[in-house]
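The values are calculated or read from the model by the stated rules, or taken from the named source; none is laboratory data. Note that the coordinates shown come from a computational prediction; the quantities given were computed from them, not determined experimentally. In this analysis, Cβ positions are derived from the backbone assuming ideal geometry, glycine residues included, and neighbour counts consider all displayed protein chains.
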Amino acid sequence: MLSGIRILDMTNVLAGPFCCHQLAHMGAEVIKIEAVGGGDLARQLGADDELSSAKMGISFLAQNAGKKSLTINLKSEDGKAIFDRLLTTADVLVENFRPGVMKRLNLDYDCLKQRHPHLIYCAISGFGQTGPMSARPAYDQIIQGLSGVMSVTGKPDDEHLRVGYPLADTIGGLTGAMAISAALNKMPRGQFIDVSLLDSVLTTMGWVISNYLIGGVEPGKYGNENITSAPSGSFNTKNGLLNIAANEERQWKSLISHLGCEHLEDDNRFSTRENRKVYRNELSQELETFLAAKPAIQWERELTNLGVPAGVVKTIPEILKDSHTLHRKLIADFENVMGIDRDISVVRTGFQADGKPMEVMTPPPTLGQHNQDLLSELGYNQETIDKFVAEGVI
C-alpha cells in the first residue's frame with residue numbers, strides 16, 4: 001500500500017514507534033533515527049534483562065520489525081548535514097518529543113518546510129502542540145487518568161483503575177498512522193500533523209462522552225456490564241467466566257429458552273429491555289443459577305450456534321494459541337535475530353488486504369545496523385563514514 005514511501009522515525013518507546021510500525025507493515029520504508037550509543041529507550045525495556053542489556057529489549061522488539069536503524073548525533077553540524085541530506089529523500093517525518101525539543105534543534109516543521117516543502121511532519125505528544133497543558137510531560141498512565149478512562153474502569157465500588165495495557169499510547173499511534181496515510185493522498189504533499197494522545201483517547205470514548213454531552217448522564221463504572229443493554233456482561237458458569245451480549249429481543253428469548261428459564265420473560269422486572277437494565281443485578285443472579293450447570297466453553301458453543309453472542313474470557317496465552325488467531329496469521333516469526341541470536345515472535349497489524357496479512361520481511365534492527373548502507377546511499381564515501389564513526393557523529 002505504501003510501497004515507495006520513505007518515513008523517518010524519530011520516535012521513542014511506544015506511541016511513535018507503534019505508529020511507524022503500522023506504516024512499515026503497509027509497505028513503507030521506515031528509517032529509525034536513533035541517538036548514538038543509546039538509541040530508543042525501549043531497547044532497554046521489557047521482561048528479559050538479557051535482551052535489555054543487549055539493547056534489544058522486548059519493548060523495542062514488539063514494534064520495530066521491518067525498520068532500518070541509523071544513528072545520528074543531531075547536535076553536531078555533520079549530524080545535521082546527514083539528516084538534511086536524508087530529508088531530501090523522505091516523504092514523512094514522525095517524532096514524539098515534548099513540544100519545543102525539535103525547535104531547539106532547528107528541526108521543527110516551520111524550519112524544515114522551507115527546504116523540504118513536500119515533507120509530511122507528524123508530531124505525536126501527550127497533549128498536542130498547543131494549549132495550557134501542551135508543555136507537560138505525559139505517559140500513558142497520566143493520559144488514562146486525565147481522559148476519564150480510569151473513572152469508568154472497574155466495578156462501581158472500586159477505586160479508579162487503569163486499563164491493563166498502554167491504551168493511550170497505542171490509540172495515539174494508530175491515530176498518527178491514520179493521519180499520515182491520509183496526508184500521503186494529498187497532492188501536492190506537505191503538511192503538519194499534530195497528534196495529541198489525550199485528544200485521541202477522548203475521541204474513542206464516543207458513547208460514554210455522548211451520553212454526558214447529549215443525554216446529561218455523568219459516566220460511571222459498571223464493571224463488566226454493558227450500560228446500554230441487559231443481559232450483556234460477564235457471568236459465572238460451572239467452570240470459567242462467560243461473556244454474553246443478548247442485546248436484541250430475539251437473542252434474549254433464545255437465551256432464556258436454551259437455559260430453560262423461560263419463566264423470566266413473565267417476570268415484570270425482566271419483561272422489557274429497559275426493565276432488564278434497571279434490574280440487571282437481579283437478572284444476572286437468576287441467569288447464573290442456570291449457567292452453573294455447564295462450563296463456559298460449552299455454553300459458548302451452544303449459544304453461538306443459536307445466534308446469541310457469547311465468548312469465554314481468555315488469558316493472553318490462550319488467545320494467542322487459539323486456532324482463529326493462528327488462522328489469521330497475526331503472529332510473525334523471525335529466526336536467529338541479529339544481536340540476540342535467538343528466535344522471536346511479534347504481533348503484526350489488525351487488518352488484512354486482499355486476503356493476506358500485513359507483513360514485513362526483516363526483524364527489528366540492532367542499533368545503527370544500517371548506518372553503512374544508508375550513508376553510502378546518500379553519497380558518503382568510506383573515508384568520510386569512518387571519520388563520522390571516529391568523531392561520534394554516527
Apart from one, (1) under 23 Å from Ala179 (Cα atoms); (2) surrounded by 13 or more Cβ atoms within 10 Å (Cβ to Cβ) all hold for Leu105; the odd one out is (1)
When you go through Arg43, Arg85 one by one, which is the residue that is surrounded by fewer than 24 Cβ atoms within 10 Å (Cβ to Cβ) and either among the acidic types (Asp, Glu) or not in a strand (DSSP E or B) (or both)?
Arg85
Does Leu93 fit the bill of being over 28 Å from Tyr212 (Cα atoms) and more than 23 Å from the chain's Cα centre (by Cα)?
no
Is there a residue being crowded, with 19+ Cβ neighbours inside 10 Å, within 26 Å of the chain's Cα centre (by Cα) and assigned to a strand (DSSP E or B) anywhere in the range 169-192?
yes
What's the number of the only condition in (1) exposed (fewer than 14 other Cβ atoms within 10 Å of the Cβ); (2) within 30 Å of Asn281 (Cα to Cα); (3) outside the structural domain of Leu287 (by TED's automatic domain parsing); (4) of a type in the set (D, E, K, R) that Arg162 fails to meet?
(1)
Over the range 237-253, the set of residues out of contact with any helix residue (DSSP H, G or I) (no Cβ under 8 Å at 6 or more places or on another chain), assigned to a helix (DSSP H, G or I) and surrounded by 14 or more Cβ atoms within 10 Å (Cβ to Cβ) is Gln251
Failed condition for Glu318, given (1) part of a loop (DSSP other than H, G, I, E, B); (2) within 30 Å of Trp252 (Cβ to Cβ)
(1)
Gly368, sole failed condition from (1) in contact (Cβ under 8 Å) with a residue 12 or more places away in the chain; (2) at negative phi:
(2)
Of the conditions (1) part of a strand (DSSP E or B); (2) out of contact with any helix residue (DSSP H, G or I) (no Cβ under 7 Å at 6 or more places or on another chain); (3) of a type outside the set (A, V, I, L, M); (4) over 30 Å from Ala390 (Cβ atoms), Arg98 fails just one. Which one is it?
(1)
Any hit, the range 127-138, residues being touching a helix residue (DSSP H, G or I) at 6+ places or on another chain (Cβ under 9 Å), touching a residue at least 40 places away in the same chain (Cβ under 8 Å), charged (D, E, K, R) and within 14 Å of Leu197 (Cβ to Cβ):
no
Just the residues that are closer than 22 Å to Pro365 by Cβ, touching a Lys or Arg at 6+ places or on another chain (Cβ under 8 Å) and free of Cβ contacts under 8 Å to residues at least 12 places away in the same chain, please, taken from the range 319-336.
Asn336
Can you go through Gly339, Gly379 and tell me which one is in contact (Cβ under 8 Å) with a residue 12 or more places away in the chain, within 26 Å of Met10 (Cα to Cα), loosely packed, with under 13 Cβ neighbours inside 10 Å and not assigned by TED's automatic domain parsing to the domain that holds Thr237?
Gly379
Scanning the range 46-68 residue by residue, the ones that are in a strand (DSSP E or B) and surrounded by 23 or more Cβ atoms within 10 Å (Cβ to Cβ) total 0
